[in-house]
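S.K.: Take a look at the following structure, please.
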Amino acid sequence: YHCTGNWREDHGQALFGVAVNPYLSDTDTLVFATAGFNRVTVYQSPQQQQGNTGSNEIEMVQCYADPDPDENFYTVAWSYDADTKKPILAAAGVRGIIRILSPASMSCIRNFIGHGNAINELKFHPKDPNILLSVSRDHALRVWNLKTEANIVIFGGVEGHRDEVLSADFDMSGEKIVSCGMDHSLKVWNFNTENIKEAVKASYQTNPNGSKITFATVNCHFPEFST
């Protein structure tokens, strides 16, 4: 491995997150996004030809600046619209608001508000591109449905994290969630219980015609395993 170059964003602040778009074919250009300050920036680079040891040209193709200058994005994650196949970016940070961005239309298409403090990481479900996991300084994990804006599950409470949750991810099957935090603990949550599977299914039926009826969010207080 060798370093092919380095780039500095003009805001002069720390970059907390970077994510490569994994949904492009091998023949497509490398596309990745960064999160830092109040910006989410998308870059692209042509894939290197076999045997080419020279540097690639990195091109900034889009930059989203949050309307609040006090926002500081910590994390960014890629998904795609299951109907149109167009890419989707989710970003969140210190304000605890999840921004859903459409690079195709160059706009913010949805906002998710629910966490009571900063959001440290976002992860999409490995099999359902509409299911988004967020973890927060408020000690909780939340799972959202991008299509219907339903907050499906909240993991936390009685046996949940006792300090801010720093990171979490799904397993390859999407049935388990592993989280860790400032309380020095690892926790494994079951995302495949009958109760949660019914809630995921119900989340696709909610808000079909723009109704603002509150979705019955499932609260899960007990992990399967905790250190």
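The values are calculated or read from the model by the stated rules, or taken from the named source; none is laboratory data. None of these values were measured; they are calculated from a predicted model. Ideal geometry is used to build each Cβ from the backbone, glycine not excepted, and the neighbour counts take in all protein chains shown. For accessibility, only protein heavy atoms count, side chains too; no ligands or nucleic acids. Shrake-Rupley method; radii C 1.70, N 1.55, O 1.52, S 1.80 Å.
S.K.: Before rounding to the nearest 500, sum -39500 (n - 2.57) across all DSSP H runs of length at least 4 in the chain and divide by the residue total; then give [θ] at 222 nm in deg cm²/dmol.
M.R.: Working: 1 runs with 10 residues, N = 227.
About -1500 deg cm²/dmol.
S.K.: Using a 1.4 Å probe over the heavy atoms of the protein chains, calculate the carbon and sulfur portion of the accessible area of the chain as a whole percent. Walk me through the numbers before you get to the answer.
M.R.: Details: 6210 of 12240 Å².
That fraction is 51 percent.
S.K.: Then there's this: Starting with the highest mean, order 190-203, 72-85 by the number of other Cβ atoms within 10 Å, averaged over the residues of each peptide.
M.R.: Working: 190-203: 15.6, 72-85: 18.1.
Per-residue Cβ counts within 10 Å, averaged per peptide and sorted highest first, yield 72-85, 190-203.
S.K.: Once the Cα gyration tensor of region 96-157 is found, what semi-axes does its equivalent ellipsoid get, as square roots of 5 times the eigenvalues, in whole Å, sorted largest first?
M.R.: Semi-axes, largest first: 20, 14, 10 Å.
S.K.: Stick to Cα atoms and the Kirkwood definition of Rh, then tell me Rg/Rh for region 145-227.
M.R.: Over the Cα atoms of region 145-227, Rg/Rh equals 1.02.
S.K.: Let me ask something additional. Multiplying the sequence separation of LYS176 and LYS86 by 0.36 nm and subtracting their Cα-Cα distance, what value in nm do you get?
M.R.: Full extension of this stretch gives 29.7 nm more.
S.K.: Still on this model: Taking H placed 1.01 Å from N in the peptide plane, check which residues at least 5 places from ASN38 or on another chain put their amide H under 5 Å from its amide H.
M.R.: Close amide H contacts, sequence-distant or interchain: PHE73.
S.K.: May I ask you to give the solvent-accessible area per residue for region 62-118, in square angstrom, as obtained with a 1.4 angstrom probe?
M.R.: Normalised by residue count, the accessible surface of region 62-118 is 44 Å².
S.K.: Plugging the Kirkwood radius over Cα pairs into Stokes-Einstein for the chain, at a temperature of 20 °C and a viscosity of 1.002 mPa s, what D comes out in µm²/s? Present the calculation step by step, with values, prior to reporting the outcome.
M.R.: Numbers: Rh = 18.6 Å.
After rounding, the answer is 115 µm²/s.
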